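Single-structure report; data block below.
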Amino acid sequence: MSHLSQNAIDQIKEICSRYEKEPTPLMMILSDIQNEYGYIPLDVQELVSDETGISVAEIYGVVTFYSFFSLKPKGKYVIGCCLGTACYVKGAQKIIDKFSEILGISAGETTEDGLFTIDALRCIGACGIAPAISVNGTVYPKMTPEAVPEIIQKYKDGEV
Ligand code: FES
């Protein structure tokens, strides 16, 4: 039994219909849903399956394979910690560990107040300023564990 509102059902059907002429519409449909809703829970995947004829198993496989897609709602601030090679050799693990320690969550999780999500990412294209993180798309260069509390506080205080 779906818990989706009629409004949400109509919107998702509309997104599916945008790509009905595409031979392989799944990535485009899921990207639009992720962008508009921030996550793609199972009942949405079932609806996409009904609309497109693509199996739920295939849709679930795509949603769980790509880190861009999320099954659960993300926090207001998504902290992307790069663990790519350039960042890793410069101590990125210590930075993500510091975020985890202070926020009390692991990578892939969201704080109970819905404020922060930590994502572990591969290269975010900022190797020259490694180790780098991004918060809602803003890149912070040459990160250190010592800089982590200040960044968290800044977002908590709404100074951004
Ligand atoms: S490896 Fe981190 S930005 Fe490239």
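Observations, loosely collected:
- When residues of the range 57-88 are limited to those that are without any contact (Cβ under 8 Å) to a residue 12 or more places away in the chain and of a type in the set (A, V, I, L, M, F, W, C), the one farthest from the ligand (Cβ to nearest atom): A57
- Restricting attention to the range 100-134, the residues being away from the ligand (no atom under 15 Å from the Cβ) and either touching a strand residue (DSSP E or B) at 6+ places or on another chain (Cβ under 8 Å) or not assigned by TED's automatic domain parsing to the domain that holds P149 (or both) number 12.
- Residue, farthest from the ligand (Cβ to nearest atom), within the range 135-144, restricted to residues that are surrounded by fewer than 18 Cβ atoms within 10 Å (Cβ to Cβ) and in a loop (DSSP other than H, G, I, E, B): N136
- Unmet criterion (only one of (1) outside any helix (DSSP H, G or I); (2) within 28 Å of N136 (Cβ to Cβ)) for I54: (2)
- Evaluation of Q6 against the conditions (1) surrounded by 13 or more Cβ atoms within 10 Å (Cβ to Cβ); (2) of a type outside the set (F, W, Y); (3) free of Cβ contacts under 8 Å to residues at least 24 places away in the same chain shows that the sole unmet condition is (1).
The values are calculated or read from the model by the stated rules, or taken from the named source; none is laboratory data. In this text the structure is predicted, and so the values were computed from the model without any measurement. Every residue, glycine as well, gets a Cβ built from its backbone with ideal geometry; the counts of neighbours run over all protein chains shown.
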